[in-house]
Amino acid sequence: MRQRRTFPRLLGSLLLAAGLAGLGLTGATGATGAPRAEALRPLGAIVPAPASVTPGGAPYTLTRATAVRVDADGTGDTDGRATRDIGRYLADLLRPSTGYPLPVVDADEARGGILLRLSPGATALGEEGYELRSGRTGVTLTAYRPAGLFRAVQTLRQQLPAAVEKRTVQPGPWRIAGGTVTDTPRYAYRGAMLDVSRHFFTVDQVKRYIDQLALYKINKLHLHLSDDQGWRIAIDSWPRLATYGGSTQVGGGPGGFYTKDDYREIVRYAASRYQEVVPEIDLPGHTNAALASYAELNCDGVAPPLYTGTAVGFSSLCVPKEITYDFVDDVIRELAALTPGRYLHIGGDEAHSTSHADYVAFMDRVQPIVAKYGKTVIGWHQLTGARPAEGALAQYWGLDRSSAAEKEQVAAAARAGTGIILSPADRAYLDMKYTKDTELGLSWAGYVEAQRSYDWDPATLLPGLPATAVAGVEAPLWTETISQSVHIDRMAFPRLPGIAELGWSPATTHDWATYRLRLAQQGPRLTALGIDYYRSPQVPWAAE
Ligand code: TNX
């Protein structure tokens with residue numbers, strides 16, 4: 001691959017500050033009194049920050065004549081389907097606001113324009129990396145794999161003015177700064193979790209979130225499919241889990257569940273945005289909905305009532321009973337068969353009514369079931385108190401103030417080979433209130449403002465954790481207080497982009513002072529997308 005110039009932090013900051021100052025995006029009007037057309041966004045002034053940016057040369061301007069050209073002879077896409085689909089996705093994004101036809105054509109049927117190409121030689125770009133070259137005659141997106149092209153499209157999209165996100169024709173001009181971006185992610189696991197158990201969210205609501213996550217290059221969608229308040233996935237061999245266990249939610253609403261076709265549709269849609277679905281069945285605690293559905297799963301043989309409150313830690317599967325493992329085997333078999341992704345999350349948190357010995361015994365039996373059905377175990381970090389299976393990942397959700405012993409338990413497991421996903425609750429939990437005045441959310445982990453959620457380093461958060469053990473980061477959204485898409489929007493934005501940046505961007509770009517300026521420019525884009533984000537006073541939001 002061509003030589004890359006890495007963006008040194010200071011130079012990057014200076015360029016960015018100068019560039020943003022030149023943007024004139026503060027709602028100023030020109031000499032004529034008319035609103036000033038949005039100036040050119042400096043190359044790389046996006047979220048997440050790219051690994052390497054070399055600005056220079058003339059910008060490219062989209063016109064009525066621009067075509068989206070696809071060249072798909074590359075690795076992993078021999079029939080060109082994936083590349084063409086990404087080209088269509090891009091054209092679909094740009095058509096409503098530009099009003100341009102933007103035909104998607106084979107590369108040799110046109111010249112210039114926006115070229116999407118897979119290059120078998122570009123192995124250094126890996127699964128998700130890409131190169132974007134912009135100049136007077138066109139923009140070329142190059143990747144080794146389709147996922148890289150999809151990430152490149154998000155960069156291209158963010159280089160365009162925010163109004164490009166609107167669904168009606170806007171004035172333009174539609175310019176993309178000249179130069180080259182070469183970009184690969186810091187971590188392979190960059191997730192967002194949605195708890196669809198405490199409150200149920202429809203397939204369309206999940207798709208809306210998937211589309212939002214795509215903009216920030218998130219690549220894992222973790223669905224928390226079962227908890228005390230609701231079982232949300234149809235399991236043919238235990239049908240009452242969904243029909244009865246899914247029939248309510250926090251506060252006593254009607255709940256709901258995904259049929260297998262619903263779930264397949266979520267998986268398909270996520271895949272079209274290059275996101276892998278990670279399904280979670282929380283075990284052995286957080287299981288009241290299952291215990292209420294089948295009396296035989298209870299040690300005393302008596303089914304408890306459905307639960308619509310928000311307490312945690314009171315339920316447990318019956319560890320000594322054999323039927324427990326028949327149940328777990330059936331659920332994991334059916335869920336694994338529905339899930340093309342590598343992972344199956346088995347929860348394991350807050351099993352407060354399971355003894356330690358039972359917890360360890362349970363995990364010793366359940367992890368091999370996951371392996372038997374071809375999946376890799378993920379568990380909340382309490383799993384490190386048992387014996388994590390080889391290759392398992394543990395998801396850390398502790399706090400700064402968690403005990404040294406708890407942190408060391410996780411770090412020791414990591415040194416012994418368990419991979420770690422970092423979701424520190426006092427940084428990455430999207431359900432924590434921003435301040436004491438935030439209407440939605442909880443505060444058990446503290447208040448988490450925009451700066452706090454961004455200002456930490458996954459590589460150094462846990463003492464004694466080998467850097468190589470960090471699989472990545474994830475931003476969980478628990479939904480005890482969240483029941484609508486507007487609530488998701490308000491809690492996820494602006495914190496989700498910050499967690500996404502921690503997962504994608506090189507550590508050398510990590511700097512709150514410059515990040516907040518890039519984030520500020522996301523405000524009008526979020527508004528154009530219909531996202532009523534939290535106007536954190538820590539961020540100098542651009543006028544809309
Ligand atoms: C802790 S984090 C939980 C969830 C709650 C969440 C609320 C974790 C693994 N367990 O059951 O929904 O706090 O913030």
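The values are calculated or read from the model by the stated rules, or taken from the named source; none is laboratory data. Computed from a prediction, not measured in an experiment: that's the story for all the values here. All Cβ positions, even for glycine, are placed from backbone atoms using ideal geometry, and neighbour counts span all protein chains on display. Accessible surface areas use protein heavy atoms only, side chains included; no ligands, DNA or RNA. Shrake-Rupley method; radii C 1.70, N 1.55, O 1.52, S 1.80 Å.
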Could you give every pair whose Cβ atoms fall below 8 Å, whose first residue belongs to region 425-451 and is open to solvent by 40 Å² or more (accessible area, probe 1.4 Å), and whose second residue is away from the ligand (no atom under 12 Å from the Cβ) and not in a loop (DSSP other than H, G, I, E, B), counting only separations of at least 6 or pairs across chains? GLN451/TRP512; GLN451/ARG516
Among (1) touching a helix residue (DSSP H, G or I) at 6+ places or on another chain (Cβ under 8 Å); (2) modelled with pLDDT of 95 or more, the one test that ALA188 misses: (1)
Among residues of region 134-162 being over 24 Å from the mean Cα position of the chain (by Cα) and β-branched (Val, Ile, Thr), the residue least open to solvent (accessible area, probe 1.4 Å) is VAL139
Within region 349-381, restricting to residues that are among the aromatic types (Phe, Trp, Tyr) and away from the ligand (no atom under 15 Å from the Cβ), the one that is surrounded by the fewest Cβ atoms within 10 Å (Cβ to Cβ) is TYR373
Residues being crowded, with 22+ Cβ neighbours inside 10 Å, within 25 Å of LEU40 (Cβ to Cβ) and under 26 Å from the mean Cα position of the chain (by Cα): count how many of those fall in region 95-128. 2
Could you please tell me which pairs satisfy a Cβ distance under 7 Å, a separation of 6+ or placement on different chains, a first residue in region 361-379 that is closer than 21 Å to GLY285 by Cβ, and a second residue that is open to solvent by 10 Å² or more (accessible area, probe 1.4 Å) and among the basic types (Lys, Arg)? MET363/ARG387; ASP364/ARG387; LYS375/ARG342
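Listed residues THR509, THR460, THR479; which is within 28 Å of GLY253 (Cα to Cα) and either open to solvent by less than 10 Å² (accessible area, probe 1.4 Å) or of a type in the set (S, T, N, Q) (or both)?
THR479
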So VAL312, is it closer than 30 Å to THR83 by Cβ and in contact (Cβ under 8 Å) with a residue 24 or more places away in the chain: no
Being within 13 Å of the ligand (Cβ to nearest atom) and open to solvent by 30 Å² or more (accessible area, probe 1.4 Å) is the filter here; which residues of region 279-313 pass it? TYR307, THR310, ALA311, VAL312
Kindly evaluate PRO388 against the criterion of being under 27 Å from the mean Cα position of the chain (by Cα) and open to solvent by less than 10 Å² (accessible area, probe 1.4 Å). no
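Quick check on region 386-415: of everything there that is assigned to a loop (DSSP other than H, G, I, E, B) and in contact with a Pro (Cβ under 8 Å, 6 or more places away or on another chain), which residue is nearest to the ligand (Cβ to nearest atom)?
Among them, the one singled out is TRP397.
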Residue check, GLY347 touching a Pro at 6+ places or on another chain (Cβ under 9 Å) and under 26 Å from GLY256 (Cα atoms): yes
Specify the residue that is most open to solvent (accessible area, probe 1.4 Å); the eligible residues are those in region 314-330 that are part of a loop (DSSP other than H, G, I, E, B) and within 23 Å of SER247 (Cβ to Cβ). PHE314
Subset of region 453-475 that is within 17 Å of TYR533 (Cα to Cα) and in contact with a strand residue (DSSP E or B) (Cβ under 9 Å, 6 or more places away or on another chain) - its residue that is nearest to the ligand (Cβ to nearest atom): ALA475
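Each row is one residue, and each column tells you yes or no for (1) open to solvent by less than 10 Å² (accessible area, probe 1.4 Å); (2) assigned to a loop (DSSP other than H, G, I, E, B).
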site: VAL164; (1), (2): yes, no
site: MET193; (1), (2): yes, no
site: ARG198; (1), (2): yes, yes
site: ASP204; (1), (2): no, no
Among the residues in region 254-263, are any more than 16 Å from the ligand (Cβ to nearest atom), in contact with a strand residue (DSSP E or B) (Cβ under 7 Å, 6 or more places away or on another chain) and open to solvent by 30 Å² or more (accessible area, probe 1.4 Å)? yes
